[in-house]
Every structure is written in structure tokens, then in C-alpha cells.
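Visitor: Structure below; questions to follow.
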Amino acid sequence: MTKATQPRSWAVLLVVVCAQMLIWLDTSILNVAVTTLADPDRGLGATPAELEWVASAYTLVFAGTLFAGGALADRFGPRTTLLAGLTLFGVASGAGAFAGSPAWLIVARGFMGAGSALLMPATLSIIVRSTPADKRTRAIAIWSSSSGLGVAVGPVAGGALLSHFWWGSVFLVNVPIVALCLAGVVAVVPELGGARRQVLDLPGLALSVLGLGGLVYGVIELGNGETWYGPHVLLPLLLGGALLAAFVAGQRRSPAPSLDVRLFRQPGFTAGSVVLLLAFMALAGHLFYAAFYLQGPCGLSPARAGTVMIAAAVGIVLGSQASPAMSRRLSARWTVAAGILITAATYLAYLWFDEQTPVPTIAALLLVQGFGMGLIGTPVTAVMMSAVPPHLAGAGSAVNSVTRQVGGTLGVAMAGSVLSGVYRERMADATLPGGPRGLPPGAEEQARTSAEAARSLAHSLRLPQLAETADRAFLDAMYAATLWTAVLALVGFAVSVVGLRFREAGPQNIQEGPEEPREARDGQVETA
């Protein structure tokens, strides 16, 4: 690539990063809006299980169809699939904004996930195929830091919109952004063309979506019943596991698989996938209960809660930009390990948080937490993509993305299940009908459903002591969820130390042309 064409490559990078940022913008806006959606008066009166599905429907369909998105990017070209993904995302966002019930919003979120599944693999594929080799790692770092930008803009925009408009505005705002991205793609992104003619694996797609759906449903039901071993939990878990096993077996035999399982023969690729899965499980679970914590016990408005969460976004951007230099100095292995340890420490710090914790303390911790997450994404992505030949860049980026989304889906389901189960236990005695709290008959179950429902009931009945009891019950539930997220992060730390034994020496690790022989890649293994 000549110097004359380099400015165009950076214009292409800007457009695809803006498109990629839409995914994180929407997710972070939802984190601010969950409390409003749970409110019977200002929102849809969604139950905790319905809120988990509002979040999980998006990530579930996203994760299940990412393999197809990567295959389509490789077959028809990433520019075409990027345009299709943006269009679907924008249409579904508009439909979700005017949903009349949680069920319709869940359906709209699923279609938004399908659009994102076309969008995300295409963005990374365009970067790998259009960026000069000596600029590729820096381009990947900028692409990775787009998550920080989305997380930064999302809470602030969401808080401002919820302060002046109805809840649907947090989804409607996506539509004009999509229009700008579409114009940018048409103007500057080249038509790279399909690298191979691949048949879309519809049976594999169905197995992956249904399998993940079964697992997520079972995890969510863990916190909604009296026991964890009932058929409402075990059957979907077992069925989901069986369908996913059938999916993997089918992909191994398929001549044109959506998921090329041969990629996992590379130890660095496999370890990186596991690290991303665990890191995003912990992060998504933490953000889910942190949003309720800020707007519940802390009493912050959506706008102020969004402002506080900017600290995490700033940290992600700083960490993403610092990670290439740290990887050259310390290796990708130890940079990722340090990032995971930092995030684990910040999760554990929530064990000492309560309704009296100063907001600046929370913001400072979010800044550190974001920096730790920023250290993880870029080196792991670079190590994983170094094992993928350019003609499979779409498939490789799909695996990279699907691990994040599967992790996010399971993390939200796990955190929501723990929150719901522990909260119900703590509220069992305090919400007896006709008891010392003065609740009328029939109000007990409403107060036990969620802390938001209990606060709404306390406001209507003028029982501030009920709101205080609900806050205490929520804090106990948050502490339990915090322990789970910290454990997940620490397991990810162990995997990074043991499995990421590949040095990230720079952009030359991402090779053009055919895949390297295995012997050549094995030469990169650390001898420490």
C-alpha cells in the first residue's frame, strides 16, 4: 500500500470503528435503562427474568448467528454484510423503541442481535484485509477501544434521554447513527469481494442458537424457582448441552462449517477464546448488578449513573491504547494476566460497598476496572487473529466475537439468577402479608419480585421502611453475585498464565496469504 492510499485506509478504519461502536453503545445504554424498564409506571414493568431476556435475547441471537455472519462475510465480502447488518440493526432498533410489552421488546432485541452478528465480523475482516501489515496491530487496538467509546457515550446519552423522553428513546437513537454509518460505508469502504464460496450452514446455525438458548434459559431459571435441581432447570441445561455437542460434532464433519474447529488446534487461539469468554462473563454480570446498585441503593438518577459509568469507558480506552506497548515489554501473556487480576480486584471491592459509599470512590474503581479490561482485549485478539489466514478472517473474527457475546449472555444470566434468588430469600420474612411492614394482602409477591417493584410499592403505600428493607436485601444479593464474578475472573487469570504462551511481537504476527504450517506457529511458544 502506497502512502497515497494510506489516508483512505484510516478513513475506512474510522467508518468501521463507528459501526462497531454501535454494538457497545446499545449495550451500555441498556445498562442504564434496566431500572426504568422494570418500573411499572415509567417503563414496561418488566420482571427480573424479563429483563434478563431483554439483555440475553440480543446477545443470544448475536452469539448464535455470528458464525453465519463470519461465513457470509467470507462468501459475499465484508462490505456487503456490513451494509446488511447496519440496515437490520436500524430497523429492529426502531421497532424496539415502540414495543408495547416486554415480550415485543425481547423479539426486537433478538433482531438487533442478528444485525450485530452481520456487522461485527465484517468490521474486523475489513481491518485485517485492508490495513497495511505494519499498521494492523495498531488498527486492531483502535478497533478494540471502540468498546470503550461506546460504553462512554451510551450511559451519558441514555441518562440524558431518559431524563427528558420515554424509555423507547434509548433504542430510537440508534436509527440516525445507523444512517450515518451506512453513508460512510458507501462512501469510503472498498468492495473487497468474497474470498471463497461457502454454503450457509443452516442446520448448524439452528443447533447453535437452540443450544445456547437452552443453556441461558436454564441458568435464568436457577434464580426464579424454589430449587435449582427441578426439571425447569435441569431439562433446558441438559438439552442445551446436548444440542451444542451435536453442533460441534456436525461442524467437524461438515465440508463448509460455520465454525472451523481446526482453528482450535492452535493453543493460543483456544486459550484466548476461553480467556475472553470468562472475562466477558464476569464483566457483563458485574455491569448488570452495578446498574441496579447505582440507581437503587445509591439513589442516582439515570443521567448521573451514566455519568459515573464514563469512568469505566475512559479506563477501557486507556487500557486498550496502553496494551500494545505493554505486550511488547511484558508479552501478551502477562499483559492479559495483569488486566484480569486488576478486574478481579475491583469486583471484590464491591463486597465493601453499600448505600453510603461515596460516588467518587465508585467512579475511581470503575476507572481502574475499565483499564484492566482494556489490557485484555487487544493482545488476546491479536494472538487469536495471528493464527487465522486472511481468507478466513471473517470466520476467525466471528469466533473472537462469539466468545465475548456468549460470555456476556451467560454472565447476565448468572448474575441475574443469583440476584433474584438471594433477593427473594432475604425478602421472604420482611414481606409477609399483614406483618410488621404493613403490607396489604397480595402485595408480598410484588415486593419479592424485585427491588424496583418493592420501591414502587413502598412509594405508593408510603412505606419508606419497605424500600430500606429492599435495599438491604439487594445489597446481600449483590455481594453474592460479586463473589461469582470474581471467581470467574480468577479462573480466567489461571487460563491466561497457563495457556497464553505466545509472544505478541507486533503486527507481523498477522500474516497475509495461506495459513502458516503448524510447525512455524509452534516456534512462537515461550520457553519460560
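Visitor: If you scan region 16-44, which residues turn out to be open to solvent by 20 Å² or more (accessible area, probe 1.4 Å) and either at pLDDT 75 or above or outside the structural domain of Gly154 (by the TED database) (or both)?
Guide: Cys18, Met21, Leu44
Visitor: For residues in region 356-366 being touching a residue at least 24 places away in the same chain (Cβ under 8 Å) and either outside the structural domain of Gln295 (by the TED database) or surrounded by fewer than 20 Cβ atoms within 10 Å (Cβ to Cβ) (or both), which is nearest to Pro324 (Cα to Cα)?
Guide: The residue in question is Ala364.
Visitor: Give the residues of region 50-91 that are aromatic (Phe, Trp, Tyr) and modelled with pLDDT of 75 or more, sorted by residue number.
Guide: Trp53, Tyr58, Phe62, Phe76, Phe89 - these are the residues of region 50-91 that are aromatic (Phe, Trp, Tyr) and modelled with pLDDT of 75 or more.
Visitor: Also: Any residue in region 168-184 that's within 12 Å of Leu83 (Cβ to Cβ): show its pairings with residues that are at pLDDT 90 or above and open to solvent by 50 Å² or more (accessible area, probe 1.4 Å) at Cβ separation under 8 Å, as long as the two are six or more apart or on different chains.
Guide: Between residues of region 168-184 that are within 12 Å of Leu83 (Cβ to Cβ) and residues that are at pLDDT 90 or above and open to solvent by 50 Å² or more (accessible area, probe 1.4 Å), the close pairs are Val178/Thr87; Leu182/Thr87.
The values are calculated or read from the model by the stated rules, or taken from the named source; none is laboratory data. Treat the numbers as computed from the prediction; the structure is a model and nothing was measured. All Cβ positions, even for glycine, are placed from backbone atoms using ideal geometry, and neighbour counts span all protein chains on display. Ligands, DNA and RNA are stripped out before the accessible areas are found, and what is left, the full protein with its side chains, is counted by its heavy atoms. Shrake-Rupley method; radii C 1.70, N 1.55, O 1.52, S 1.80 Å.
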